[in-house]
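The values are calculated or read from the model by the stated rules, or taken from the named source; none is laboratory data. Computed from a prediction, not measured in an experiment: that's the story for all the values here. Heads up, the Cβs are rebuilt from the backbone with ideal geometry, glycines too, and the neighbour counts pull from every protein chain shown. The accessibility values were calculated without ligands, DNA or RNA, using every heavy atom of the protein model including side chains. Shrake-Rupley method; radii C 1.70, N 1.55, O 1.52, S 1.80 Å.
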Amino acid sequence: MDKDIKQVFRGLGRTKKVEFISENIDYASVHVIAEYVKGYLFDVLNDVGNDDYVAQYLKGKGYEVKKLDNQ
């Protein structure tokens, strides 16, 4: 069954994958989320409306982040 689910997921288009991940994020482990979200991270963050998350993460890693005025 696990293989069937993975095959179905791989067959989904990018938008449907992002929607699925966003709607079901609470049911998955961190490792499973990381496996699938790598290629869709920015799409998922855009879908949930949280672009500040990336900035906070980078700041926490020691990077300097500056938001441009025209953004």
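Of the residues making up the range 1-33, those that are among the small types (Gly, Ala, Ser), out of contact with any Asp or Glu (no Cβ under 6 Å at 6 or more places or on another chain) and modelled with pLDDT under 85 number 2. Does Ser22 satisfy the condition of being open to solvent by less than 100 Å² (accessible area, probe 1.4 Å), of a type in the set (S, T, N, Q) and either in contact with a Ser or Thr (Cβ under 7 Å, 6 or more places away or on another chain) or touching a residue at least 12 places away in the same chain (Cβ under 8 Å) (or both)? Yes; evaluated as a whole, the condition is true for this residue.
When the range 25-68 is examined, which residues are found to be β-branched (Val, Ile, Thr), open to solvent by less than 100 Å² (accessible area, probe 1.4 Å) and assigned to a helix (DSSP H, G or I)? Across the range 25-68, the qualifying residues are Ile25, Val32, Ile33, Val37, Val44, Val48, Val54.
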